[in-house]
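The next block holds one structure in the form of structure tokens; read it before the comments.
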Amino acid sequence: MEKAPGSPSMGGSCPQKTAEILSSQYGINLFLAGLVLTFAWAVHAVGISKSHLLSYLITLMLIQLLWMLWYLCRSCTQRRLIREKDTHAGARWLKCGITLFAVITLILDSFKIGYYVDFSNCLSAAEGIFPVTHAVHTILQVYFLWCHAKDIIQSFKTLERFGVIHSVFTNLLLWTNGVLTESKHQLNEHKERLITLGFGNITIVLDDHAPQCNCTTTTLCSIFSQGIYYLYPFNIEYHILASTMLYVLWKNIGRKVEHHQQHKTPFKFHGITVGMIFGLIVLISTIAKVVVYLIQIGRSKNKSELALTMFYLHAISVLALMCTAGIVALLIYRLEDRSLDNSKNPARKLDAELLVGTAAGSWLLSWGSILAIICAQAHPKYTWYNLPYSILVIVEKYIQNLFIIESIHRKEEKVNDDIKTLRIVTISRGSTLSLTPSYKEIYNGRAARDHGELPCLLHGSICARENDGAKAAASQANCPAMHSAPEFSFYSRNSVTNNKRRILKNIAAFLFLCNLSLWIPPAFGCRPEYDNGLEEIVFGFEPWIIVVNLAMPFSIFYRMHSAASLFEVNCKT
């Protein structure tokens, strides 16, 4: 019996598809087992202690360390082999960001080690081993991602799929552990803030996992415990970034890449002055707002209410401007006739999925606030500002996601091969001096009209044909003083295109700085979702704190990811 055409390729791809499905199910079950163990520890389940959870996480990190060491050693032995790379994966901004967060995570681990030393009499050995293992894991993982995030693995594919997906879900579990630990640190501090706002009727049984012994050095213990509290947000962001980079690596295993030249698009400040000025105004005002908010909140009821009102009014103004800018950009896209690039690209696909997926964190909080405003019996004056703020958060992300996703999928304008060969000969006093840059660079890739003749520039300085450079001086004398109708139409269309591009670049620059501005408040502790008190009354104090701590990392990551995407949009436009 003869094999059907193409059966070898199908036979080769079927095992790999099976390996992809099996590895993904392995990772999901690994994550769910850790999630159940984390939940059991959080609710003080019988027979489950923190040492059990930490032992599970230590085991996962050690397995990942062994796999990364094996991969690095194998890469060193095969250094001479040419490896395929995904040029879209592992962007430099992503590597720099994960390195910054990793450095702060190492500081967090050192604080945990010091905390364990001071409370070593009543803490399990797992609580001392965990930060040491985590520090080694962080160092090796960052090195691995810097060197191999762009790899397209073509050997040992089945084994590598399990190794990479194990790493993805290990980081997600470490992220979950960090989120839960931070949420428990939030309880006492935010309850005190709510009492100053007059919400004294909120009752909660504090969930205290503090050691049941005295600290050997009181001052150091206080520094370590407070330092751990402030460093956890950076640890959370680190593990989210690591898991996304590893996921792209997993999706690239066995992938066939189309080899084509990648055009680098450097960032230029030219032409984006207006967007930068307005964006910097938003950035500076946001920093001032955060400083005032952190100083005033919790001092007294009046000061806390003024701080919340200031926050909401400023945020409403910024979000309204961002919505307007996004709508203008989308209208410009509707006026243009350019197709979208639908080629397979895991990094670009993940970018779009992350924009929508992480935006869900903010949408969850916004809908919770809207429901709380509707259902609450008492409404302090400042809480009414929360309603337009929450609605604008939802709408702004809708518009911005659409703008960014469409921008990264738009095809770049291609230039006709005949146009690429054109050159303009500069004539000065009847002699040819030099060849200027390509016609594409000068006229943005637009074809010349009227039988391939280049339009004459003002004052007759340039008038030549590509195929007859010797007749350039004679042609200069015959250049018309005024442009013909087709040439005038060409200049008009070119001018309109340049104006559209300039507007889009200014919008992208403005949204870039606005997203950086909106990243600052939650990253540095300015979180009105904790402090306005209305949601805690409707949903309960601890449930709402846990929801906020689960959603807030996604919201923070969304702003960072959006800023990076808008930076790329600005370079591409």
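Subtracting the Cα-Cα distance from 0.36 nm times the residue separation, let me have the gained length for Ala40 to Leu62 in nm, one decimal.
Contour length minus Cα-Cα distance gives 5.6 nm.
With the Cα gyration tensor of segment 99-169 giving a ≥ b ≥ c as the square roots of its eigenvalues, does the rule (a/c under 1.5 for rounded; else a/b larger than b/c for prolate; else oblate) give rounded, prolate or oblate?
oblate
Relative to the present Cα-Cα distance, how much length would full extension add between His379 and Trp146 at 0.36 nm per residue of separation?
Additional length available on full extension: 78.8 nm.
Would you calculate the separation in nanometres between label points at Ile391 and Cys73, each defined as 7 Å from the Cα along the Cα-to-beta-carbon direction?
Spacing of the two 7 Å Cα→Cβ label points: 6.3 nm.
Efficiency by 1/(1 + (r/R0)^6): what FRET value for Ser317 and Ser155, r their Cβ-Cβ distance, R0 = 51 Å, to the nearest 0.05?
Plugging the Cβ-Cβ distance into 1/(1 + (r/R0)^6) gives 0.40.
Cα centroid distance between segment 133-170 and segment 90-116, in Å?
Segment 133-170 and segment 90-116 have Cα centres spaced 17 Å from each other.
Please compute the modelled spin-label separation between Leu550 and Ser110, points set 7 Å along Cα→Cβ, answer in nm with one decimal.
It is 3.5 nm.
Using the basic label-point model (7 angstrom from Cα toward the beta carbon), what is the Ser120 to Ser222 distance in nanometres?
Going from the Ser120 label point to the Ser222 one covers 2.4 nm.
Taken together, the values in this text are just the output of simple stated rules run on the coordinates, not laboratory data. All of these numbers come straight from a predicted model, not from anything done at the bench. Note that we place each Cβ from the backbone using ideal geometry, even for glycine, and neighbour counts take in every protein chain shown.
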